[in-house]
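Peer 1: Below is one structure. I have some questions about it.
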Amino acid sequence: MSEAWWELLLGVVVAVVVSWAALVVALAVVRPRGGLLRESLRLLPDMLRLVRRLAADRDLPRGVRVRLWLLVAYLAVPIDLIPDFIPVLGYADDAIIVAAVLRSVVRRAGLDAVRSHWPGSPDGFTALARLTGLPAERPR
């Protein structure tokens, strides 16, 4: 009986480690390319304020708001994929996840909705548009 518990515990530990590794690989795949990762780290405070403002906006579709509230919950939980005490990488996972969720939100809610809630500078908004893969300028 005791051996079965050890096997179960080992199976759970292996499953958790494999799941963590898969999530880290997924973060590596969706991470911003080039200098955008550094830029996203610089913009992280503004992006967090933007997420809170968008999540509270009742004019946005419910699915978008749910996504944003799930992101807020993830950021509020002290357990991260990569612990925050690891220099640069600890906060990079948060920046990557915020950028990936914002990318889906901007595509669903539209750039104007995000522009109206943006708390940062115009240059910061241009960087956010690059992170989300959308043009910063309105179509003419």
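The values are calculated or read from the model by the stated rules, or taken from the named source; none is laboratory data. Model, not experiment: these values are computed from the prediction. So basically every Cβ, Gly included, is an ideal-geometry build from the backbone, and we count neighbours across all protein chains shown.
Peer 1: Of everything in region 112-125, what is part of a helix (DSSP H, G or I) and either at pLDDT below 80 or loosely packed, with under 15 Cβ neighbours inside 10 Å (or both)? Give them in sequence order.
Peer 2: The answer is D112, S116, P122, D123.
Peer 1: For region 39-68, enumerate the residues that are exposed (fewer than 14 other Cβ atoms within 10 Å of the Cβ) and of a type outside the set (D, E, K, R).
Peer 2: P45, A56, P61, G63, V66
Peer 1: Something else: Can you tell me which residue in region 26-51 is modelled with the lowest pLDDT, limited to those that are basic (K, R) and in a helix (DSSP H, G or I)?
Peer 2: Just the residues of region 26-51 that are basic (K, R), to begin with: 31, 33, 38, 42, 49.
Next, only the ones that are in a helix (DSSP H, G or I) stay: 38, 42, 49.
Numbers: R38: 61, R42: 72, R49: 86.
Here the residue is R38.
Peer 1: If only one of L71, L54 is in contact (Cβ under 8 Å) with a residue 24 or more places away in the chain, part of a helix (DSSP H, G or I) and farther than 19 Å from S116 by Cα, which one is it? Spell out the reasoning first.
Peer 2: Details: L54 fails: farther than 19 Å from S116 by Cα.
Being in contact (Cβ under 8 Å) with a residue 24 or more places away in the chain, part of a helix (DSSP H, G or I) and farther than 19 Å from S116 by Cα holds for just one of L71, L54, which is L71.
Peer 1: Could you list, in sequence order, all residues of region 43-60 that are farther than 16 Å from I97 by Cα and either touching a Pro at 6+ places or on another chain (Cβ under 9 Å) or aromatic (F, W, Y) (or both)?
Peer 2: Scanning region 43-60 gives a single hit, R53.
Peer 1: Which condition number does D80 fail, the rest of (1) modelled with pLDDT of 75 or more; (2) within 30 Å of V18 (Cα to Cα) being met?
Peer 2: (1)
To keep it simple, each residue is scored yes or no on (1) among the polar types (S, T, N, Q); (2) in contact with a Phe, Trp or Tyr (Cβ under 7 Å, 6 or more places away or on another chain); (3) within 12 Å of L131 (Cβ to Cβ); (4) free of Cβ contacts under 8 Å to residues at least 24 places away in the same chain.
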site: F85; (1), (2), (3), (4): no, no, no, yes
site: V98; (1), (2), (3), (4): no, no, yes, no
site: L102; (1), (2), (3), (4): no, no, yes, no
site: D112; (1), (2), (3), (4): no, no, no, no
